[in-house]
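The values are calculated or read from the model by the stated rules, or taken from the named source; none is laboratory data. These figures come from a predicted structure and were not determined experimentally. Ligands, DNA and RNA are excluded from the accessible area calculation, which covers all protein heavy atoms including side chains. Shrake-Rupley method; radii C 1.70, N 1.55, O 1.52, S 1.80 Å.
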Amino acid sequence: QVQLMESGGGLVQAGGSLRPSCVASGSIASTNLMGWYRQALGKQRELVATVVDPGRTNYADSVKGRFTISRDNAKSTVYLQMNTLRPEDTAVYYCAASIRLVGSGPYSIYWGQGTQVTVSS
């Protein structure tokens, strides 16, 4: 009933930028928190950044000052502007959203399939 579709990953050299995006679709009544997480090969999934209306953001220490999360509620989309990328940022980046379905009471967390970001040195 809900899909989160990421796009905008890719291969970039160290110091470069990428701007992945994630669109939520389906029978959505409202969306609370939206965020990005990442999982590098052989490591656990970790928080990158989250945003809660009206614009409260939270970032992992490792990306503060380099990444910026934003959302467009009219488009049900969350973005992650990633600047000054480092090889250690290489991971699969997952979108997550806390969504309440039409006709349903509680919020539930939904995940996208992930988009690969590779930063070469």
In whole percent, how big is the carbon plus sulfur part of the accessible area of the chain, probe 1.4 Å, protein atoms only? 48 percent
For the stretch 25-121: relative contact order, % (alpha-carbon pairs under 8 angstrom, 6 or more apart): 31 percent
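For the stretch 36-106, take the alpha-carbon Rg, divide it by the Kirkwood Rh, and send me Rg/Rh. Walk me through the intermediate numbers first.
On the way: Rg = 13.7 Å, Rh = 13.5 Å.
Rg divided by Rh gives 1.01.
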Along each principal axis of its Cα atoms, how long is the chain end to end? Whole angstroms, biggest number first, please. 49, 26, 23
Most fluctuating residue given options 98, 108, 21, as computed from a GNM of the chain linking Cα atoms under 10 Å: 108
Cut-off 10 angstrom, C-alpha nodes, Gaussian network model of the chain. Which of 12, 92, 102 fluctuates the most? 102
